[in-house]
Structures are given as structure tokens and as C-alpha cells.
1. Would you confirm whether any residue within region 183-203 is small (Gly, Ala, Ser) and either under 23 Å from LYS23 (Cα atoms) or within 19 Å of the chain's Cα centre (by Cα) (or both)?
2. So which residues in region 125-151 are in a helix (DSSP H, G or I) and either surrounded by fewer than 24 Cβ atoms within 10 Å (Cβ to Cβ) or not hydrophobic (A, V, I, L, M, F, W, C) (or both), if there are any at all?
3. Return the only residue of LEU193, LEU161 being at negative phi, touching a strand residue (DSSP E or B) at 6+ places or on another chain (Cβ under 6 Å) and free of Cβ contacts under 8 Å to residues at least 60 places away in the same chain.
4. Filter the strands (runs of 3 or more DSSP E) completely within region 7-111 down to those with at least 1 residues that are among the hydroxyl-bearing types (Ser, Thr, Tyr) and either free of Cβ contacts under 8 Å to residues at least 24 places away in the same chain or on the phi > 0 side of the Ramachandran plot (or both).
5. Tell me, yes or no, whether region 195-206 has at least one residue that is closer than 30 Å to PHE126 by Cβ, of a type in the set (S, T, N, Q) and either crowded, with 20+ Cβ neighbours inside 10 Å or out of contact with any Ser or Thr (no Cβ under 6 Å at 6 or more places or on another chain) (or both).
6. Out of the residues in region 45-87 meeting the condition of being surrounded by 15 or more Cβ atoms within 10 Å (Cβ to Cβ) and acidic (Asp, Glu), tell me which one is nearest to GLN141 (Cα to Cα).
7. May I ask you to list the residues in region 198-240 that are in contact with a helix residue (DSSP H, G or I) (Cβ under 8 Å, 6 or more places away or on another chain) and of a type in the set (A, V, I, L, M, F, W, C)?
8. Consider LEU161 carefully, then state whether it is part of a helix (DSSP H, G or I) and either more than 21 Å from the chain's Cα centre (by Cα) or hydroxyl-bearing (Ser, Thr, Tyr) (or both).
Amino acid sequence: MSRVALVTGGSRGIGAAISVALKAAGYKVAANYAGNDEKALAFKQETGIPVYKWDVSSYQACVEGIAKVEADLGPVDILVNNAGITRDAMFHKMTPEQWGEVINTNLTGLFNMTHPLWSGMRDRGFGRIINISSINGQKGQMGQANYSAAKAGDLGFTKALAQEGAAKGITVNAICPGYIGTEMVRAVPEKVLNERIIPQIPVGRLGEPEEVARCVVFLASDDAGFITGSTISANGGQYFA
């Protein structure tokens, strides 16, 4: 019986690539999404991966959503915390709402998703938690005090929880993507991409969502059982942590 993987923000961008890669690797996959019903339905029809709608910033919504997934597919063995938002602004213009929305989704969302699953993973003696952080959680980014703080917090969460899960067969790791060629990044004007962004990347190109997904598939596997509390920097050499 194949293991069950749940990917938050799993129907678009990097999350969609992760969902597809995990399915190809033999997992039963559920993709969570927050708001775009049209894109989620198209993803489900294209891939055959079931989609479930809830907001990861709400603990109760996570409890209820996870219960639906487990009723349909079985106990969740692999959790990929990928859901994230941006509300960019220079700090002197940043509102409490912009700060709170990003922290609640990108950091508290990890607690909200992981906590309801943790006891079951401990009881079964197996679990894989994979947190998608960001290069900007490692190095910071102007105009993203909220996002950088949340993504740096994801790394602290990863390291602390890894220590708690190790004796119970649960690994907890993080991936920090750099500039990945998602729909959002490719919407940046070509001049900005070619003159300001890509020159910062030593390999000379954007990353592909599938390259991040392959990191996830490895960390989810039995082969990665001795790797926990680690951060994989998938950024083309742009930043070394």
C-alpha cells in the first residue's frame, strides 16, 4: 500500500510540480489549495490528483481538511508545507495586516498543518515533513521583511522539530529555492529578468519547479532516513548558507 503525501499549495507553481513528482514516484497524493478553484479543477483534471480547499492560516480549517484527506486516502505519511503568499512593501510602508497575513500563512501555517498530523506519525513510527522555505529566509530581501522573517522562522521550526521527531522515525527538512521559473517569476519583465535577476545566479538561468520537486521526492523517500534538520539550498549558487 503506497504512502500518502499531502502538499499544501499543491495545485500551482512549485507545489504542482511537487504533487506530480510524488505521484510519479508512487505516492498517493492530495493537493491542498486556498482560493483559485478554476486552476485547481484544471490541475485535478490534468493530473488525476485530488484537490482539497482550505486556508492553512486557520488551525481548525487544517484539522478539518486533513480529516477529509485521511478519510479519502488514508493516514498522511508525508507532509510538504509549500503554501505561501507575499505582501511585499518597504518596511516603513508595511501595514500590520501585510505583516500578519504573511506570518500567519507562511509560518503559523506550518504549525497548523504539522500539529494535527504529528501524533499519528509518532504512533506509526514514520513521517516525513518537508518545509519549502526560501533563499530570502536565508539572506533577507529588501521589501520583504514579513516574508523573510516567516521563511527564516520555517528553518528554526524545521531544526527544532527534527530533534523531537528523530527517535520516532520522523524526519523534518527544509528546501530553500532561489529564483524558480514559475508563472509568477516569468511574469517579471524580460529586461528585469535578464539584467537584474539572472546575472545574480551563477548557473546563469532560473531554476525549474521540477528541480525543487526532485529534492522533495528524495527527502520523502526511505533513502533519506538519516537526513533530518537539514536545509537544501536549490538556488543555482546564488547564496551559500
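1. Within region 183-203, the subset small (Gly, Ala, Ser) is 187.
With either under 23 Å from LYS23 (Cα atoms) or within 19 Å of the chain's Cα centre (by Cα) (or both) added as a condition, the list becomes none.
No, because not a single residue in region 183-203 is small (Gly, Ala, Ser) and either under 23 Å from LYS23 (Cα atoms) or within 19 Å of the chain's Cα centre (by Cα) (or both).
2. Step one: of region 125-151, the residues in a helix (DSSP H, G or I) are 135-139, 145-151.
The answer is ILE135, ASN136, GLY137, GLN138, LYS139, ALA145, ASN146, TYR147, SER148, ALA149, LYS151.
3. Working: LEU193 fails: touching a strand residue (DSSP E or B) at 6+ places or on another chain (Cβ under 6 Å).
Criteria check complete, one pass: LEU161.
4. On the way: elements: 28-33, 51-53, 76-81.
In region 7-111, the matching strands (runs of 3 or more DSSP E) lie at 51-53.
5. The first filter runs over region 195-206 and keeps only residues closer than 30 Å to PHE126 by Cβ, leaving none.
No, the conditions are met nowhere in region 195-206.
6. Ranking the candidates gives ASP55 first.
7. Those that are in contact with a helix residue (DSSP H, G or I) (Cβ under 8 Å, 6 or more places away or on another chain) and of a type in the set (A, V, I, L, M, F, W, C): LEU206, VAL212, ALA213, VAL216, VAL217, PHE218, ALA220, ALA224, ILE227, ILE232, ALA234.
8. Working: part of a helix (DSSP H, G or I): yes; either more than 21 Å from the chain's Cα centre (by Cα) or hydroxyl-bearing (Ser, Thr, Tyr) (or both): no.
When the stated conditions are applied, LEU161 does not pass them.
Readers should treat all values here as calculations from the given coordinates under stated rules, not as data from a laboratory. Everything numeric here is computed off the predicted structure, so don't read it as measured data. Counting neighbours? That spans all protein chains shown, and the Cβs are built from the backbone with ideal geometry, glycine included.
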